[in-house]
Amino acid sequence: MKVYGQSFLLAIVVFAVYAQTFSFEFLRFDDQDYTFLCPFVKDGLSWVNVKAAFCSFRHAAIWMPLTYLSYMLDISVFGPGMVAHHLVNAAVHAVNSVLFYWLLTGMFAGMRSNGAIVQADDGTPGQGGGRTRLIILGATLFWALHPMRVEPVAWIAGRKELLCAFFVLLGLLAIVKREAVRETRDVGRAFPNTSFLLILLCCLAACMSKPTGMCFPFLAFCVAAMVRTGNGERGMWNGTVLTIATLPIAFATGLIAVYSQTHAEGYDVRTLFTAPFAVRALNAVKSLGLYIFKTFVPFDLHIDCRWPSANLPADGWGTILTAVAGLSILLLWVVAAGRAASPLDDIRRPSGRIALFSLLFFLFAVAPTLGVFGSFGREARADRFTYIPTMAISMLLVAALLKSGKVERLKSGSGEWANTLVCLVLVAMMSCHFFITLRLIPTFRNDYTAFSRVLACDPVHPRALSHVASEECARLKDFDSGIRHFRDSLACEWNHDTACQLAFALATRGRKEDVSDIRALGESTGVAKRPESDRKGLMAEALGMAALKDGRWRDAAAFFSAAVRAPARLYPADDAFARLGVALANGGRRKEAEQVFSALARPGAARESVRAFAERSLEQIAASRDGRVMLFY
């Protein structure tokens, strides 16, 4: 009963820490592509949308039907908006924390004393004592409230990480339960068929939540091996069977992931490997080092970590040495434990094997995101990629703390002074981590705060410069600063969307001397010759505004027509429609202008200021004898 009470409190604490995310906004970094701009998500649950979620292998370059279904459910139950998505993210993370707590409890609190790391505090096997549960609870909190958990929880697009981990944890819990049933009933190799089916379904669901769920077969092998090792058994047959049974699901998921990456919707067919193998391997080792280092020293965390396109970055050697040092320490632990020849073998050898399988758990879980086996795009690494892998570090902490306490008792019969000292250090570290987490969560409030944080850590990040510039223009109305940041972004890296946003900002600022820059940007993006190619409509609208300033009414009408028909507009088309009417009226196309303004003047068709302008324009057109008027907007 104590376990369930602690689980409830754990869920409440974790949920409360992330409660402030309910007031956060969408980020223009995958959030819109997964929700309100996704054609089969934005209208909520329906048979047509469910079918599209399972059949859309190319949308956003990722196949994750169950994650899309969760967004649809949010919209159907709570309506469109951001609150529900953030609420569900926090709730799923709280549930995952409880599942992880149960997993650690099942793995460590009930291990037999013959050769096991731990037994109950009262000396009876099979019942985890209060000290054991406290250590497990602390390790769970270390994982759940770590600053690296902020990105997948506070960012709506991080839902895929949370759901994938949810099904992975369910599957691993089923494996631990199978081992417990096999142990108590002594049924040999005859395992319950229902739990085996549940494990297969969890593997499939994890892969359909995010393709990185393809690592499940190997995680299942590691957990089954750790449980059997802790129970004093050397065999790993059950883990091998589970791995073989789930491998076809993982293999099929890998093929789908390759297709999704190379055939992303709205883009030409791309190559799987966007960087040479040497660069990908270097990035993998560097990322491993940073993941290990920032697990204990979580500074300079931010969203959207870019990767080096050519040379080794300045911090490369340090992180590579961190990775090599961390992995070497674990391997030395394994080797030393295996060669030990003393009365403490019953503790050291099992703990060494558990350390080995924890290391394998970490490597298997992080492998799909390192970019060695496929493209990792513009991101070298991400905090969200550590959501499942760093569970292995908590497993290691539990095993090490429980082992050290048992060793001290066998050596001297005294207390656990070493264990207590380590626990105090861990408590101090967790307190610092919790403070960093509380400071980091508000940075995900909106685009401006999130990418300002990125620029504080990486001042020449091109995408961050573009996002901050967009917010400065739209939210703060600081066009001079926004345009400067747009230009800095293009100087770092040419990007079609950034060029379009710069042109729109220049046009909105309204200076005559900016017209030539707008035209040059229109030529460089190809929109000047093919206005219909502008999917978001920003460049077409900017070129239309420049044409209005020059009195080129026909060109302006063509650009505004393309802008209002853009299939992926991020902003309402009210202003573009009004300017289209101005171009038509000033160009002498009276009937067409009246149709546009009449549509805008209808109740609810546009915001109030645009409706008022449309009504005044209709009056001016009607009062004109020859139908030609000069309108300005």
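Out of the residues in region 509-519 meeting the condition of being loosely packed, with under 13 Cβ neighbours inside 10 Å and more than 20 Å from residue 573 (Cβ to Cβ), tell me which one is modelled with the highest pLDDT.
516
Could you give me the residue pairs with C-beta distances under 8 Å whose first residue belongs to region 484-505 and is of a type in the set (Ser, Thr, Tyr), whose second residue is not in a helix (DSSP H, G or I) wherever it lies, and which are 6+ apart or on separate chains?
Every condition considered, the pairs that remain are 489/495.
Please verify whether region 9-25 includes one or more residues that are modelled with pLDDT under 90 and in contact with a helix residue (DSSP H, G or I) (Cβ under 6 Å, 6 or more places away or on another chain).
No, region 9-25 contains no residue that is modelled with pLDDT under 90 and in contact with a helix residue (DSSP H, G or I) (Cβ under 6 Å, 6 or more places away or on another chain).
Please work out which residue is modelled with the lowest pLDDT, limiting yourself to region 293-325 and to residues that are in a helix (DSSP H, G or I) and closer than 26 Å to residue 29 by Cβ.
Going through the qualifying residues, I end up with 316.
Look at region 549-582 and say how many of its residues are over 33 Å from the mean Cα position of the chain (by Cα) and in contact (Cβ under 8 Å) with a residue 40 or more places away in the chain.
Of the residues in that region, 5 qualify.
Test of understanding: among 37, 69, which residue is at pLDDT 90 or above and among the aliphatic types (A, V, I, L, M)?
None of the other options fit; the residue is 69.
Would you be able to say whether some residue in region 115-134 is touching a Pro at 6+ places or on another chain (Cβ under 8 Å), hydrophobic (A, V, I, L, M, F, W, C) and modelled with pLDDT under 70?
Checked region 115-134: at least one residue is touching a Pro at 6+ places or on another chain (Cβ under 8 Å), hydrophobic (A, V, I, L, M, F, W, C) and modelled with pLDDT under 70.
Buried (at least 22 other Cβ atoms within 10 Å of the Cβ), under 24 Å from residue 132 (Cβ atoms) and modelled with pLDDT under 85: does that describe residue 343?
Criteria not met by residue 343.
Exactly one of (1) small (Gly, Ala, Ser); (2) buried (at least 18 other Cβ atoms within 10 Å of the Cβ); (3) free of Cβ contacts under 8 Å to residues at least 24 places away in the same chain; (4) more than 25 Å from residue 253 (Cβ to Cβ) is unmet by residue 106. Its number?
(3)
Collect the residues in region 31-49 that are aromatic (Phe, Trp, Tyr) and either outside the structural domain of residue 63 (by TED's automatic domain parsing) or in a loop (DSSP other than H, G, I, E, B) (or both), keeping them in residue-number order.
Within region 31-49, 36, 40 qualify.
Of everything in region 529-582 that's among the hydrophobic types (A, V, I, L, M, F, W, C), more than 27 Å from residue 615 (Cβ to Cβ) and modelled with pLDDT under 90, which residue is surrounded by the most Cβ atoms within 10 Å (Cβ to Cβ)?
My answer is 570.
Residues that are closer than 25 Å to residue 475 by Cβ and touching a Pro at 6+ places or on another chain (Cβ under 9 Å): does region 541-552 have at least one?
Within region 541-552, one or more residues are closer than 25 Å to residue 475 by Cβ and touching a Pro at 6+ places or on another chain (Cβ under 9 Å).
Name, by its number, the condition in (1) more than 26 Å from residue 444 (Cβ to Cβ); (2) outside any loop (DSSP other than H, G, I, E, B) that does not hold for residue 455.
(1)
Yes or no, residue by residue, for (1) of a type in the set (A, V, I, L, M, F, W, C); (2) buried (at least 21 other Cβ atoms within 10 Å of the Cβ); (3) over 30 Å from residue 259 (Cα atoms):
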position: 15; (1), (2), (3): yes, no, yes
position: 39; (1), (2), (3): no, no, no
position: 51; (1), (2), (3): no, no, no
position: 69; (1), (2), (3): yes, no, no
position: 80; (1), (2), (3): no, no, yes
position: 89; (1), (2), (3): no, yes, no
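For region 146-165, indicate whether the set of residues that are surrounded by fewer than 22 Cβ atoms within 10 Å (Cβ to Cβ) and in contact (Cβ under 8 Å) with a residue 24 or more places away in the chain is non-empty.
No, region 146-165 has no match at all.
Among the candidates 464, 474, single out the residue that is crowded, with 16+ Cβ neighbours inside 10 Å, within 26 Å of the chain's Cα centre (by Cα) and without any contact (Cβ under 8 Å) to a residue 24 or more places away in the chain.
Sole residue among the options that is crowded, with 16+ Cβ neighbours inside 10 Å, within 26 Å of the chain's Cα centre (by Cα) and without any contact (Cβ under 8 Å) to a residue 24 or more places away in the chain: 474.
Within region 10-30, can you find the residues that are hydroxyl-bearing (Ser, Thr, Tyr) and part of a loop (DSSP other than H, G, I, E, B)?
Selection gives 18 alone.
Report yes if some residue within region 525-543 is in a helix (DSSP H, G or I), at negative phi, more than 35 Å from the chain's Cα centre (by Cα) and in contact (Cβ under 8 Å) with a residue 24 or more places away in the chain; otherwise report no.
Within region 525-543, one or more residues are in a helix (DSSP H, G or I), at negative phi, more than 35 Å from the chain's Cα centre (by Cα) and in contact (Cβ under 8 Å) with a residue 24 or more places away in the chain.
The values are calculated or read from the model by the stated rules, or taken from the named source; none is laboratory data. Just so you know, these numbers come straight off a predicted model, no measurement behind them. Please note: Cβ atoms are built from the backbone with ideal geometry, for glycine as well, and neighbour counts cover all protein chains shown.
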